Every structure is written in structure tokens, then in C-alpha cells.
């Protein structure tokens, strides 16, 4: 019987990128393959089938690619959460900690109205800092996070535990052990 490809099979690993000792999990190879991309989108939204989702929120930048496709499949709107200074108009901001410093993400202050049900998506869950900042922004606007969907989980970095500790439903299509 032939091997059925999984989402993980479409992801390549680039050794020592962006610096020595890092195993970079590259989803561009997944996005470039029509079967792999469709499989990823379908599997990311599957746990939320039958639930009310008003908007999909994507985290910069690969979360935009996934979020747009998932929003299209669900027939909902898409909202980007971007790095500071990239969105025109009135925004709210959230600071978060990175491995080597701090960063800020923003969302338009009118992107989500109170009581909207939100699915937050990104390609990779590492420490959970960006996702946590995104969750805080959505909640400050009155939205309710129905789930957080990722292609890849890096369990050793603790992001899933952090988000689950916030009461989030976390779904990842695959995990890579080791950094």
C-alpha cells in the first residue's frame, strides 16, 4: 500500500537558519503544493466545523496566507494582526516578549465587534508569545476566541501549555521535537 502523505511530509527543515543551531520548519513548500495546502487548510478548520466562527484572525505573516484561505472556506471575514506601524488608521497595540527582546503587534480598533466568535491562526506555535498577544488584542475588542489553530507545534518551547493555561482550545496539525 502506498504511503499517504501527511501535512508534515510537505514541510522541509532548513538546518542552521536563521542562525546556527536552529532547525527552521519551512511551510512554503507546503503552501506551494496544491494538495498539501488544501489538506492543511481543511485540517485546520475541521475541529471547528459546526461552530459559529464570525471572523478568522491571522498573525503576521504566514498566518495571513492560512487565515485568508480558512476564512474563505468558512465564508467569514479575515482580520490581520500586524507588526507595529504596518496598519493604517486607528489601532490598539499589545507588547510581548521574544527570545531576544520585545515586540509589538496591532489590530484595527474596529476590526472586531463585541461578542464575535474568532478563530486565531498561524503557521507555527513556539513560545506562544505572539499568539498570546493576539488573543489579548481580540479580547480587548470584545471578541471570543473559539480556538487557536496552527500547522506546527514545537512542544519543547511551551507555547501550547501557555495558551491552554489561558483557557484556549489549541489545535496543531503536527509537532516537531527538537529545536
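The number of residues in the range 10-21 being out of contact with any strand residue (DSSP E or B) (no Cβ under 8 Å at 6 or more places or on another chain) and surrounded by 15 or more Cβ atoms within 10 Å (Cβ to Cβ) comes to 1. All conditions in (1) farther than 18 Å from residue 67 by Cα; (2) more than 18 Å from the chain's Cα centre (by Cα) hold for residue 175, with the sole exception of (2).
Sub-8 Å Cβ pairs linking a first residue in the range 39-64 that is crowded, with 21+ Cβ neighbours inside 10 Å to a second residue that is assigned to a helix (DSSP H, G or I) and at pLDDT below 95, at least 6 apart or interchain, number zero. Looking only at the range 8-35, residues that are farther than 14 Å from residue 152 by Cα and in a helix (DSSP H, G or I) come to 3 in all.
Among the conditions (1) surrounded by fewer than 19 Cβ atoms within 10 Å (Cβ to Cβ); (2) out of contact with any strand residue (DSSP E or B) (no Cβ under 7 Å at 6 or more places or on another chain); (3) under 20 Å from residue 18 (Cβ atoms), residue 114 misses just one, which is (3).
Condition check ((1) surrounded by 21 or more Cβ atoms within 10 Å (Cβ to Cβ); (2) within 26 Å of residue 30 (Cβ to Cβ); (3) out of contact with any helix residue (DSSP H, G or I) (no Cβ under 7 Å at 6 or more places or on another chain)) across all residues:
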{"position": "121", "(1), (2), (3)": "yes, yes, no"}
{"position": "147", "(1), (2), (3)": "no, yes, no"}
{"position": "155", "(1), (2), (3)": "no, yes, yes"}
{"position": "164", "(1), (2), (3)": "no, yes, yes"}
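Across the range 22-51, which residue is modelled with the lowest pLDDT among those that are more than 19 Å from residue 65 (Cβ to Cβ) and touching a strand residue (DSSP E or B) at 6+ places or on another chain (Cβ under 9 Å)? Among residues in the range 22-51 that are more than 19 Å from residue 65 (Cβ to Cβ) and touching a strand residue (DSSP E or B) at 6+ places or on another chain (Cβ under 9 Å), the one modelled with the lowest pLDDT is 22.
The values are calculated or read from the model by the stated rules, or taken from the named source; none is laboratory data. If you're wondering where the values come from, they're calculated on a predicted model, not measured in any experiment. Glycine gets a Cβ as well: all are built from the backbone with ideal geometry, and neighbour counts include every protein chain shown.
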